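Below is one structure, written out as structure tokens; the observations come after it.
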């Protein structure tokens, strides 16, 4: 007589998968990736340490309050003045005009590539944008000085040889590929189901692009904007060549101005004695620029996390 199985309904034991042995290839890859991350962290710490010591020595001789509240920057003249406000105003002025070109144009290019362009057209325009992004910035600087400034003068704009407007607009053209490429990647990651649902409800392509795709990809778009602004703040050669070297507080884009990066580039040529207070201004301005960029990146991370969309 057969006996009843008393284990009816019992849960089977879970199956656990284990590696038969140590996979040394994966270990090596993990070590290399960890080394790459470590190199980036160590490099950042090295930059901070290189800037920090001379900057601290500078602020022992110059009050930090006078440094940020002063409205006259003339560290290489007698009597020397160390008010960094003209450099800050010049930096923000050039960045403003660059963003006025790069942000809307870059987003428009991204929408066209993602939602309107035929794959064959996209295959031509995307590499063309990458070529534009690979042009050295010194070429953009000479383009602004030798071509764009005379063009503005031909348009009856009273601009001098060096001016903020030409430098900012040409810098904006340089930043268009950055905004367009990152924004287009973010839009391409939006699920096709969202587009199909909107089309099924009778939406036009423009409505789908602006009301469905752009809001869904807003975190990537914000990241591209902040990256473009950070590049504009840290750009050197364009402003050094085309914006001029006069540190003044002016909101007229037709006037010349000096940015923080242009001052560092012009002063660090080797004409200033090492260890002097004038030499230490390079590190003080560099540390200010580093902190400004760090704050922008922290704001970017917060905004990206706030507007990030997760799709399954």
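Search the stretch 181-201 for residues that are within 26 Å of residue 124 (Cα to Cα) and pair each with any residue that is part of a loop (DSSP other than H, G, I, E, B) when their beta-carbon atoms are under 6 Å apart and the residues are at least 6 apart or on different chains.
Matching pairs, first to second residue: 186/217; 187/217; 190/217; 191/311.
Would you please name the residue that is modelled with the lowest pLDDT, looking only at residues in the stretch 46-70 that are in contact with a strand residue (DSSP E or B) (Cβ under 9 Å, 6 or more places away or on another chain) and under 26 Å from residue 253 (Cα atoms)?
It comes out as 70.
Exactly one of these conditions fails for residue 283: (1) under 22 Å from the mean Cα position of the chain (by Cα); (2) at pLDDT 90 or above; (3) more than 23 Å from residue 43 (Cβ to Cβ). Give me its number.
For residue 283, the failing item is (3).
Are there any pairs, at least 6 apart or on different chains, whose C-beta atoms fall under 8 Å, with the first in the stretch 110-138 and over 15 Å from residue 213 (Cα atoms) and the second at pLDDT 85 or above and not in a helix (DSSP H, G or I), and if so, which?
Qualifying pairs under 8 Å: 125/117; 137/235; 137/236.
How about the stretch 233-255: which of its residues are in contact with a helix residue (DSSP H, G or I) (Cβ under 8 Å, 6 or more places away or on another chain) and within 21 Å of residue 68 (Cα to Cα)?
If the condition is that a residue be in contact with a helix residue (DSSP H, G or I) (Cβ under 8 Å, 6 or more places away or on another chain) and within 21 Å of residue 68 (Cα to Cα), then 233, 234, 245, 247, 248, 249, 250, 251 are the ones that fit.
From the list 294, 240, exactly one residue is without any contact (Cβ under 8 Å) to a residue 12 or more places away in the chain, in a helix (DSSP H, G or I) and under 30 Å from residue 139 (Cβ atoms). Which is it? Before you say what the answer is, go through the steps one by one.
Working: 240 fails: without any contact (Cβ under 8 Å) to a residue 12 or more places away in the chain.
When all the criteria are applied, what remains is 294.
Go through the stretch 83-105 and count every residue that is assigned to a helix (DSSP H, G or I) and surrounded by 22 or more Cβ atoms within 10 Å (Cβ to Cβ).
Step one: filter the stretch 83-105 for residues assigned to a helix (DSSP H, G or I), giving 85-105.
From what's left, surrounded by 22 or more Cβ atoms within 10 Å (Cβ to Cβ): 86-87, 90-91, 93-95, 98, 102.
Counting residues in the stretch 83-105 that are assigned to a helix (DSSP H, G or I) and surrounded by 22 or more Cβ atoms within 10 Å (Cβ to Cβ) gives 9.
Assess whether residue 123 counts as being assigned to a helix (DSSP H, G or I) and over 30 Å from residue 240 (Cα atoms).
Values: assigned to a helix (DSSP H, G or I): yes; over 30 Å from residue 240 (Cα atoms): yes.
It is true that residue 123 is assigned to a helix (DSSP H, G or I) and over 30 Å from residue 240 (Cα atoms).
Please give the number of the condition residue 294 fails out of (1) more than 28 Å from residue 61 (Cα to Cα); (2) surrounded by fewer than 16 Cβ atoms within 10 Å (Cβ to Cβ).
It fails just one condition, (1).
Given the structure, is residue 144 touching a residue at least 40 places away in the same chain (Cβ under 8 Å) and closer than 23 Å to residue 240 by Cβ? Write out each step before concluding.
Values: touching a residue at least 40 places away in the same chain (Cβ under 8 Å): yes; closer than 23 Å to residue 240 by Cβ: yes.
The answer is yes for residue 144.
Those residues that are surrounded by 13 or more Cβ atoms within 10 Å (Cβ to Cβ) and more than 11 Å from residue 183 (Cα to Cα), I need them from the stretch 113-132; list them, please. Spell out the reasoning first.
Residues of the stretch 113-132 that are surrounded by 13 or more Cβ atoms within 10 Å (Cβ to Cβ), as a first pass: 113-115, 117, 122, 125-126, 129, 132.
The answer is 115, 117, 122, 125, 126, 129, 132.
Touching a residue at least 60 places away in the same chain (Cβ under 8 Å), closer than 25 Å to residue 298 by Cβ and touching a helix residue (DSSP H, G or I) at 6+ places or on another chain (Cβ under 9 Å): is that true of residue 261 in this structure? Can you show your working first?
Numbers: touching a residue at least 60 places away in the same chain (Cβ under 8 Å): yes; closer than 25 Å to residue 298 by Cβ: yes; touching a helix residue (DSSP H, G or I) at 6+ places or on another chain (Cβ under 9 Å): yes.
Here the answer is yes, as residue 261 does meet what is asked.
For residue 108, indicate whether it is surrounded by fewer than 21 Cβ atoms within 10 Å (Cβ to Cβ) and part of a helix (DSSP H, G or I). Break it down stepwise before answering.
On the way: surrounded by fewer than 21 Cβ atoms within 10 Å (Cβ to Cβ): yes; part of a helix (DSSP H, G or I): yes.
Yes: the conditions hold for residue 108.
Could you say which residue among 57, 26 is more than 29 Å from the chain's Cα centre (by Cα), in a helix (DSSP H, G or I) and in contact (Cβ under 8 Å) with a residue 24 or more places away in the chain? It would help to see each step written out before you state the result.
Details: 26 fails: in contact (Cβ under 8 Å) with a residue 24 or more places away in the chain.
Just a single option satisfies the conditions, and that option is 57.
So, restricting to helices (runs of 4 or more DSSP H) that lie completely within the stretch 133-213, which ones have at least 1 residues that are surrounded by 16 or more Cβ atoms within 10 Å (Cβ to Cβ) and under 20 Å from the mean Cα position of the chain (by Cα)? First the steps, then the outcome.
Values: elements: 137-143, 149-154, 164-188, 192-200, 205-208.
It comes to 137-143, 164-188.
The values are calculated or read from the model by the stated rules, or taken from the named source; none is laboratory data. In this text the structure is predicted, and so the values were computed from the model without any measurement. Note: ideal-geometry Cβ built from the backbone for every residue, glycine included; neighbour counts use all protein chains shown.
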